[in-house]
Amino acid sequence: MRVPRLIVAAACVALALVACAEAPGGDSAPTAVASAPTDVALLADRLDSVDAAVAQWRTASSLAAAQTAAETAANLVVGPNGPGYGDRDGDGMIGGESAAGILPGLDGIPAGLATPLANNRCVVSDVLGGDWTDPASEWNKMLSAIDSWRPANNTMPSLASHPMRIVGWATFTLASDSLAEAQEYAGHAKLHVDVAVRALTC
């Protein structure tokens, strides 16, 4: 399920501004004033990018391709100041480079694309998964859950933030030596992308 384009379109149209500017000679003519993308549109676009990475991960024809896509998905979530950001698969390139992640950085900077939507109870519950007054503590929850995870002990449900769970499944993919296993993990990640998308229209 890709992020519905109607979410982005509706959000942008609702806040589009049109001003009347004075044309030469005193005539009034409508002049379009470009408005910045809305917070909802920015997060929707990022989730669309994560969804695309997960789709590549899920249908990859090689383990290396799956791991590259998993790296992209994880980096798009954590952002440049989040845990593990960078060349996670060791191929010399950084997939999912961005100025900010979905969630805040380890020290709260950058704030994260979901932060301005903290008035949406579903975004708080399913995307942020906490109040983020202590970003390092929030990230430590994820790192602890990832460290404790085993195939017979799935710790991902302990994380309220579904984007964090995507990072978890990406991490397991990067540690795997099986394409079938990596694709299975991508299936789990897809479920969490879908939950995050639904939070935008709660």
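The values are calculated or read from the model by the stated rules, or taken from the named source; none is laboratory data. Since we're looking at a predicted model, the values are computed, not measured. Reconstructed Cβ throughout: ideal geometry from the backbone, glycine too, with neighbour counts over all protein chains shown. What goes into the accessible areas is simple: the full protein's heavy atoms, side chains included, and nothing from ligands, DNA or RNA. Shrake-Rupley method; radii C 1.70, N 1.55, O 1.52, S 1.80 Å.
Rounded to the nearest 0.05, the FRET efficiency derived from the C-beta distance between residue 144 and residue 201 at R0 = 41 Å is 0.85. Over segment 51-193, accessible surface divided per residue gives 43 Å², non-protein components excluded, 1.4 Å probe.
Compactness of segment 67-202, taken as the C-alpha radius of gyration over 2.2 N^0.38 Å, stands at 0.98. Over all pairs of different C-alpha atoms in segment 32-96, the reciprocal of the mean inverse distance, the Kirkwood hydrodynamic radius, equals 12.8 Å. Take the solvent-accessible surface of the protein heavy atoms, probe 1.4 Å, and return the percent of it on segment 81-202 that carbon and sulfur atoms account for. Exposed carbon and sulfur together represent 52 percent of the surface. With a Förster radius of 25 Å applied to the C-beta separation of residue 154 and residue 131, the computed FRET efficiency comes to 0.50.
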